[in-house]
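Below is one structure; the comments refer to it alone.
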Amino acid sequence: MSDLPQHPLIDPSTFDLIVVGTGLPQSILAAAASAAGKTVLHLDPNPYYGGHFATLPLHDLTSFLNSASAPSLPSPPLASYDNQDYVSVDLQTRPLYSDVEISSYAPEVLQEHARKFNIDLAGPRVLFCADKCIDAVLKVGVNQYLEFKSIDASYLWDPNGKLVNVPGSRAAIFKDKSLSLTEKNQLMRFFKLVQQHLDPAEDSENSKISQEDLHTPFLEFLNKLRLPQKMKSIILYAISLADDDQNDHDVGKNRLLTKEGIARLALYHTSIGRFQNAQGALLYPIYGQGELSQAFCRRAAVKGCLYVLRMPVVALLKDKSNEQYKGVRLASGQDIFSQQLVLDPCFIVPQLFKLSLESLQDVSLRDVNRKVARGICITKRSLVSDVKNCLLVYPPKTLFPEQVSSVRVLQIGGNLAVCPEDMFVIYISTLCDNANQGKEMVREAMNAIMSLFVSDCPDSISVDQDTNAEGKELDLLWSALYVQESSVGQFGTVSFTPMPDGNLNYDDLLDATFELFQKMYPNEELFLETTSAGVHQDDGEES
């Protein structure tokens, strides 16, 4: 048995496309190329699917963060396999995570239930029922590999230390006891205006928002409608999901324009009621977000894509005659050839960045110059009594005066198979300019979350910030805090997929991935239509 090779020999040795890493963008590219009839080799050095978009057990998550935040060591010298046609260019990796802080307050309890934890690396993430990811899931037919459950409720933290319920529809506005009659009428008129603007059957100019208003900051448009501050905050930060303080004129291009705000409201509105069994606008995949990557990989495999996990790539192969990259060298020493190479963003190609940086074309993605600070808490109590799965948004400056970005919090309960039934996983994220700024915002959010455990009222909750520390420790079982780098997708002699962004859903990431595919294969259609019944709910029915 000891004479068996450590890595299997891959046959054939030439492919139309080689993809390294099984994150969601790579998995979609592999599925799209396979569906277009390309021969694809999909490699990953890890023993699991998902890469930076993976869902992992607690121990594996800790190991990944610790290893991915450590400076990379020089690779050991490889035996020379270079011939007269090509040379090898060693690959290096860069740390894409930093400032990792992990604390376990109940190790025995966690160890007892170790097999029941499925933790997202890039949380918080949800899918809107009408967003591009759900459309792709249905178009490609990967919904047969996935099940979803609705997020039960959404809340906004207001400056008075209260949780405000976010109404998800006109019917919900009427039922919301936390809104006054005047507020309900104001919201109803606003949503009617938006609906008329979006209705293609409406031809009257009076029913449309003017072009001038569409190109002004969204906040100015809301001010023009004389909406009260509470309503503006709900629309801007809980529904339109603005990242930055919209009252701050210094944020410049990060101020949300009315046309962008209306588009986000339209996404929210069309998501509600799209599927019969989905109660609200938001969905979450059972077993975690990593299931999405696996689903697209399974679809790619059906179309002929070859998968090899636990297979590190150590070098690229460069043609001596034209200086173009033509393949990869595996840790096994085998050389595999392809004219299209897609790499994980953790890789660095020294000669590529020295000689050919100008040839790389960025694909669209917002806020790539900012980092994403993320936090995870495992708790014994819910943020809101009798609510298992919910979204909570802390708008800028509501946690402390120097809070520059919205902080988003997603609580997922045991009914989504991510933790034991009597526990909750809470994800936190915010955009930041530097690690210290991001960590401060995440820590303040964690403190505010712990203080919520003293409250039981779901509609409008006053919170005492000086909650007893001993009580917090009993509720909090485990926590992690880390800062993740951002990166764009890039197309060139070697292409790179993007890192997870700071958004709540995947729309921008899918735009970048689709754009990368079209640059790679300009004459190919991105996924031919696949007949699909709908999104599977956890009750076994379809909607």
query = Assigning unit charges at the beta carbon (Lys, Arg +1; Asp, Glu -1) and nothing else, what dipole magnitude in debye, to the nearest 20, does the range 221-317 show about its Cα centre?
reply = 380 debye
ask   = Of all the C-alpha pairs in the range 368-433, what % are more than 19 Å from each other?
value = 39 percent
message = Please give the Cα centre distance for the range 305-351 versus the range 481-504, rounded to the nearest Å.
response = 19 Å
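So between Glu402 and Asn436, what do we pick up on full extension, going 0.36 nm a residue minus the alpha carbon distance? Walk me through the numbers on the way to the answer.
On the way: separation 34, 0.36 × 34 = 12.24 nm, distance 1.21 nm.
Extra length from Glu402 to Asn436 when fully extended: 11.0 nm.
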ask   = log10 I(q)/I(0), Debye, Cα-only the range 11-77, no solvent, q = 0.15, 0.26 Å⁻¹?
value = -0.62, -1.10
ask   = Per residue, what accessible area does the range 368-437 have, given a 1.4 Å probe and all protein chains present, in Å²?
value = 27 Å²
ask   = When the chain is fully extended, how far beyond the present Cα-Cα distance does Leu9 get from Ser103, taking 0.36 nm per residue of separation?
value = 29.7 nm
message = Using the basic label-point model (7 angstrom from Cα toward the beta carbon), what is the Ser210 to Ser63 distance in nanometres?
response = 6.3 nm
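Given that compact globular proteins tend to follow 2.2 N^0.38 Å, what is the ratio of the alpha-carbon Rg of the range 195-312 to that value?
Rg over 2.2 N^0.38 Å, computed on Cα atoms: 1.50.
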key: Cα shape, the range 250-355, gyration tensor, a/c 1.5 rule   = oblate
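Over all directions, the average projected area of the alpha-carbon convex hull for the range 110-202 comes to how many nm²? All intermediate terms of the calculation are to be shown ahead of the outcome.
Values: hull surface 43.5 nm².
Averaging across all directions leaves 10.9 nm² for the Cα convex hull.
For the range 223-270, how big is Rg over Rh, using alpha carbon atoms and the Kirkwood form of Rh?
0.95
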message = Give me the percent of accessible area attributable to carbon and sulfur for the range 143-201, probe 1.4 angstrom.
response = 50 percent
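The values are calculated or read from the model by the stated rules, or taken from the named source; none is laboratory data. If you're wondering where the values come from, they're calculated on a predicted model, not measured in any experiment. Here the Cβ is made from the backbone with ideal geometry for all residues, glycine too, and neighbour counts use every protein chain on show. Side chains included, ligands, DNA and RNA excluded: accessible areas come from the protein's heavy atoms. Shrake-Rupley method; radii C 1.70, N 1.55, O 1.52, S 1.80 Å.
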